[in-house]
Amino acid sequence: AYCTCRGGFIIYKFQTPPEGFPSLGCVPLERTILDFPPGGRRVFKEHADLGLRNGYEFAILDGEQNIPDILKRPKAYIVADSATVRENWANAIGVRSELRNRDTKLR
């Protein structure tokens with residue numbers, strides 16, 4: 001899948017859509033927090049057997065604390081090609097997660 005960051009969303013698209021899956025989706029970034037594999041690992045333990053050992057994984061979680069877990073958005077897992085790419089994505093997501101708290105002015 002290919003990802004791009006547009007405004008407060010990560011847009012992803014499969015190059016060739018697998019059967020039964022949508023070809024386009026998005027992850028909202030407003031009020032999110034990031035989670036990284038513990039202990040300097042590349043991927044989360046539960047995904048180690050999926051062949052992701054060559055990537056660098058992180059998770060995007062709903063950062064809203066005042067709602068029940070059942071209403072929270074599901075975790076979104078992203079795998080980057082390198083640690084540098086993962087860090088760049090994390091920085092971009094961090095900025096977009098805070099956009100809601102900033103005043104904007106129409107010009």
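The values are calculated or read from the model by the stated rules, or taken from the named source; none is laboratory data. What you are looking at is a predicted structure, and each value in this text was computed from that prediction instead of being measured. No Cβ is skipped: glycine too gets one built from the backbone with ideal geometry, and neighbour counts run over all protein chains shown. The protein model used for the area step is the full one, side chains on, heavy atoms only, and it has no ligands, DNA or RNA in it. Shrake-Rupley method; radii C 1.70, N 1.55, O 1.52, S 1.80 Å.
Against the conditions (1) at pLDDT 80 or above; (2) surrounded by 11 or more Cβ atoms within 10 Å (Cβ to Cβ), where does PRO17 fall short? Just the number, please.
Condition (1) is where PRO17 drops out.
Suppose we filter the range 35-65 for residues that are farther than 15 Å from LYS75 by Cβ and aromatic (Phe, Trp, Tyr); how many remain?
Adding up the residues that qualify gives 1.
Say whether the condition of being at pLDDT below 85, open to solvent by less than 60 Å² (accessible area, probe 1.4 Å) and farther than 27 Å from GLU98 by Cβ is met by at least one residue in the range 61-68.
No, the range 61-68 contains no residue that is at pLDDT below 85, open to solvent by less than 60 Å² (accessible area, probe 1.4 Å) and farther than 27 Å from GLU98 by Cβ.
Under the condition of being of a type outside the set (D, E, K, R) and closer than 13 Å to GLY7 by Cα, which residue from the range 23-37 is least open to solvent (accessible area, probe 1.4 Å)?
Going through the qualifying residues, I end up with LEU29.
For the range 73-100, enumerate the residues that are assigned to a helix (DSSP H, G or I) and among the aliphatic types (A, V, I, L, M).
The answer is ALA83, VAL85, ALA90, ALA92, ILE93, VAL95, LEU99.
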